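The structure under discussion appears below in the form of C-alpha cells.
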Amino acid sequence: MSLNAIAQPLGALLKLIHQLIGNYGLSIIVFTILVKLALVPLTIKQTRSMKKIQDVQPKIKEIQEKYKNDPEKMNAKVMELYKEENINPFGGCLPLLIQFPIIIGLFNVLRNPMNYGFTQEIIESGFLWVPSLSRPEPFPYILPLLAGFATYLTSATMGTANNQDPTQNMMKYFFPIMIFWMGRGFPAGLTLYWVVSNLFQVIQQVIITKPHIKLKEGSD
C-alpha cells in the first residue's frame, strides 16, 4: 500500500471536518484527536507489551549475568523466560509499524494540504496568535516551543525500564530540541498537529499506566 493511499482518506477526513467547523486550525485539532482515538487500541496493545517486557527485566539481567560467557545459552534462556511469561518480544513493534505509515500520511496531508482539496485562502488563514497556518510561525516560535515541550512530556511519561541509561536520558532531551528546531521551518498547521498529538499521547499514557502505578503503590 502506497503512502498516498493512506494520505488520501486522511485528507478527505480533514476536508470534511473543515466543512463542518469552518476553521482550519480547529479542524486540525479535531482531526488529530479523531485519528489518535482510532489508534488507541494499537497504543494500548503496544504499551501492555512494553510493560510486560519491563517487568521481567530484572530476571533477564540475572540470566545475562549468569550466562555472559555463553551467549547462545543466554539467548535460549531469555527466550524460555519469554515463553514462561507469555511474552512476545516483538509484540510492541507491530502496533508501531502499523501506526508509522499513518503518521507519515498525516505529515503529507498537513504539509501539502492543497493536494487534498484545500484552497490557498483556507490554509493561509490564521489561528489564535499564528498569522498563517501554511507557513512557519515567525519569532517568538511559540508553537515550535510547545511542540518541543510536548515531545519532552511524551518521553517523560513513557518511562523506561532503566532510567539510568545515559543514552535514553540524552534522547529524552535531544529529541525535543530537534523537534523545536525542525518546527521552526514546518508549516504552522503541521506543528499544531504535533503539539495536539503529543499532548493527547501524554494524557493517554497517564490513563493507561495509572492502574499499574496504583497496583505498584498498593504492593509497597
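Only one of the numbered conditions (1) at pLDDT 85 or above; (2) within 27 Å of the chain's Cα centre (by Cα); (3) open to solvent by 70 Å² or more (accessible area, probe 1.4 Å) is not met by Met79, and that is (2). Looking across region 118-131, the residues that are of a type outside the set (D, E, K, R) and assigned to a helix (DSSP H, G or I) come down to Gln120, Ile122, Ile123. Flag not set for Ile6, criterion: open to solvent by less than 20 Å² (accessible area, probe 1.4 Å) and either among the hydrophobic types (A, V, I, L, M, F, W, C) or at pLDDT 80 or above (or both). Being in a helix (DSSP H, G or I), open to solvent by 40 Å² or more (accessible area, probe 1.4 Å) and more than 30 Å from Leu190 (Cβ to Cβ) is a property that does not hold for Lys68. Suppose the filter is under 21 Å from Asn4 (Cβ atoms), among the β-branched types (Val, Ile, Thr), at pLDDT below 80 and surrounded by 15 or more Cβ atoms within 10 Å (Cβ to Cβ); does Ile102 pass it? When the stated conditions are applied, Ile102 passes them.
Report yes if some residue within region 29-44 is open to solvent by less than 80 Å² (accessible area, probe 1.4 Å), out of contact with any Pro (no Cβ under 8 Å at 6 or more places or on another chain), free of Cβ contacts under 8 Å to residues at least 12 places away in the same chain and not hydrophobic (A, V, I, L, M, F, W, C); otherwise report no. No, the conditions are met nowhere in region 29-44. Exactly one of (1) modelled with pLDDT under 85; (2) under 30 Å from Ile207 (Cβ atoms); (3) buried (at least 16 other Cβ atoms within 10 Å of the Cβ) is unmet by Ile60. Its number? Looking at each condition in turn, Ile60 falls short on (1). Inside region 204-219, residues that are loosely packed, with under 13 Cβ neighbours inside 10 Å and either closer than 25 Å to Phe149 by Cβ or at pLDDT 50 or above (or both) make up a count of 5.
Look at region 132-145: where a residue is at positive phi and part of a loop (DSSP other than H, G, I, E, B) and a partner is open to solvent by 60 Å² or more (accessible area, probe 1.4 Å) and modelled with pLDDT of 85 or more, sitting 6+ places away or on another chain with Cβ atoms under 9 Å, you get Tyr141/Arg184.
The values are calculated or read from the model by the stated rules, or taken from the named source; none is laboratory data. Everything numeric in this text was worked out from a predicted model, so none of it was measured. FYI the Cβ positions are ideal-geometry reconstructions off the backbone, even for glycines, and counts take in every protein chain you see. Side chains are part of the model used for accessible areas, which takes the heavy atoms of the whole protein and leaves out ligands, DNA and RNA. Shrake-Rupley method; radii C 1.70, N 1.55, O 1.52, S 1.80 Å.
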